[in-house]
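Accompanying notes for the structure given below.
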Amino acid sequence: MEIEFFHDPKSQPRSREDVRIKQLGLFVHEGGQRVTFGVELTPFLERPCIDVLILNGEGQPAGSLSVIETLTPNFSLVMHLRDGGGNDPYVLTAVIYYMTPETDRVDVDGQIVSFVTDTPGELLFPFNE
């Protein structure tokens, strides 16, 4: 007897070199000082790490976060903009990587998006796999 858990080939877990960012989402909160960062990854066999950096319109760091070995391919986290918001346009860089104490960091995918904080609401950035 053969049991198939994944009927769609695109939903099968992938090896580390094939993990990709499928979509980034941002929700700009009222006042522009906070954004909720959301990400959807392709399914994975090994848990990836993700670095996120936000630069303001002057190229200065406005926020950052690191996720170490995420358990799920979809999640969201609130980020506070340390410059108080309104220093548009902001540029967000998200990078998927793998690293262990025995190995060097290996970046496998990354995406860069631009956004403004003057209008609260949701922004979606889909990517091809």
Taking the range 24-76 on its own, how many of its residues are of a type in the set (Gly, Ala, Ser) and touching a helix residue (DSSP H, G or I) at 6+ places or on another chain (Cβ under 7 Å)?
-> 0
Arg34 fails exactly one of the following numbered conditions: (1) in contact with a Lys or Arg (Cβ under 7 Å, 6 or more places away or on another chain); (2) surrounded by fewer than 18 Cβ atoms within 10 Å (Cβ to Cβ); (3) more than 19 Å from Phe127 (Cα to Cα). What is the number of that condition?
-> (1)
Phe75: passes all of (1) of a type in the set (A, V, I, L, M, F, W, C); (2) surrounded by 19 or more Cβ atoms within 10 Å (Cβ to Cβ); (3) out of contact with any Leu (no Cβ under 8 Å at 6 or more places or on another chain); (4) within 18 Å of Arg14 (Cβ to Cβ) but (2)
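Just name the residue that is surrounded by the most Cβ atoms within 10 Å (Cβ to Cβ) out of those in the range 88-101 that are of a type in the set (Val, Ile, Thr) and modelled with pLDDT of 95 or more.
Ranking the candidates gives Ile96 first.
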Lone qualifier among Gly63, Gly85 - being more than 12 Å from the chain's Cα centre (by Cα), crowded, with 17+ Cβ neighbours inside 10 Å, at pLDDT below 95 and more than 23 Å from Gln12 (Cβ to Cβ) | Gly85
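The values are calculated or read from the model by the stated rules, or taken from the named source; none is laboratory data. Computed from a predicted model, the values in this text were never measured in an experiment. Neighbour counts run over all protein chains shown; Cβ positions are idealised from the backbone, glycine included.
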